[in-house]
1. Evaluate the following for Arg80: is it out of contact with any Pro (no Cβ under 7 Å at 6 or more places or on another chain) and at pLDDT 95 or above?
2. Tell me which residues, restricted to region 97-124, are part of a strand (DSSP E or B), in contact (Cβ under 8 Å) with a residue 24 or more places away in the chain and not hydrophobic (A, V, I, L, M, F, W, C).
3. Considering only residues that are surrounded by fewer than 18 Cβ atoms within 10 Å (Cβ to Cβ) and over 10 Å from Phe8 (Cβ atoms), look in region 31-42 and name the one that is nearest to the chain's Cα centre (by Cα).
4. Does Ile25 meet the test of being buried (at least 18 other Cβ atoms within 10 Å of the Cβ), outside any loop (DSSP other than H, G, I, E, B), touching a helix residue (DSSP H, G or I) at 6+ places or on another chain (Cβ under 9 Å) and modelled with pLDDT of 95 or more?
5. Which residues, counting only those in region 61-89, are touching a Phe, Trp or Tyr at 6+ places or on another chain (Cβ under 8 Å) and either over 21 Å from Ile25 (Cβ atoms) or part of a strand (DSSP E or B) (or both)?
6. Considering only residues that are modelled with pLDDT of 95 or more and surrounded by fewer than 12 Cβ atoms within 10 Å (Cβ to Cβ), look in region 83-123 and name the one that is nearest to Gly40 (Cα to Cα).
7. Answer with yes or no whether Phe57 is more than 15 Å from Phe114 (Cβ to Cβ), within 14 Å of the chain's Cα centre (by Cα) and surrounded by 12 or more Cβ atoms within 10 Å (Cβ to Cβ).
8. Could you please find all residues in region 71-96 being more than 22 Å from Phe8 (Cα to Cα) and in contact (Cβ under 8 Å) with a residue 40 or more places away in the chain?
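The values are calculated or read from the model by the stated rules, or taken from the named source; none is laboratory data. Everything numeric here is computed off the predicted structure, so don't read it as measured data. Quick reminder, even Gly has a Cβ in these numbers, built from the backbone with ideal geometry, and neighbours come from all protein chains shown.
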Amino acid sequence: MTMLLHTFFDIQNVQTADHAARFAIKLNPEHPIFKGHFPGCPIAPGVCVTQMAIDLFSHHLQQEYTLHKARGIKLLNIIRPDETPELDYLLTWEELEEQEYRVKAIVQHTDTVFAKIDITLRKA
């Protein structure tokens, strides 16, 4: 079960290659998370930005994966759903061992990079 897909965000388009995928996503600015984080000035929490990468990877492989290790998560710019409701998640991955993957994600819109994520995921 993906945690935020189809509630916090939806996939608009997917382009795939060998061990890589580009997901065009659209945030749901009406999601309750945005109402509480922060009232009157909604921003996407870093944990949600990371969870979206996990959800996209799980969706692509059609299996649930969970976070095993956060190697590096760099939040570079604030994601405001009212200003930037559409984002691109550029995912690349390599299999470390059976059902364990190192996944890197770049979250961006046009020339603005919002986050760089380097995580290890395991099959749930």
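1. Here the answer is no, as Arg80 does not meet what is asked.
2. Selection gives Glu100, Tyr101, Arg102, His109, Thr112, Lys116, Asp118, Thr120, Arg122, Lys123.
3. Only one residue fits best here, namely His37.
4. In short, yes.
5. Answer for region 61-89, where residues must be touching a Phe, Trp or Tyr at 6+ places or on another chain (Cβ under 8 Å) and either over 21 Å from Ile25 (Cβ atoms) or part of a strand (DSSP E or B) (or both): Tyr65, Leu75, Leu87, Asp88, Tyr89.
6. For region 83-123, the residue satisfying everything is Glu83.
7. Details: more than 15 Å from Phe114 (Cβ to Cβ): yes; within 14 Å of the chain's Cα centre (by Cα): yes; surrounded by 12 or more Cβ atoms within 10 Å (Cβ to Cβ): yes.
So Phe57 fits the description; yes.
8. Arg71, Gly72, Thr92, Trp93, Glu94 - these are the residues of region 71-96 that are more than 22 Å from Phe8 (Cα to Cα) and in contact (Cβ under 8 Å) with a residue 40 or more places away in the chain.
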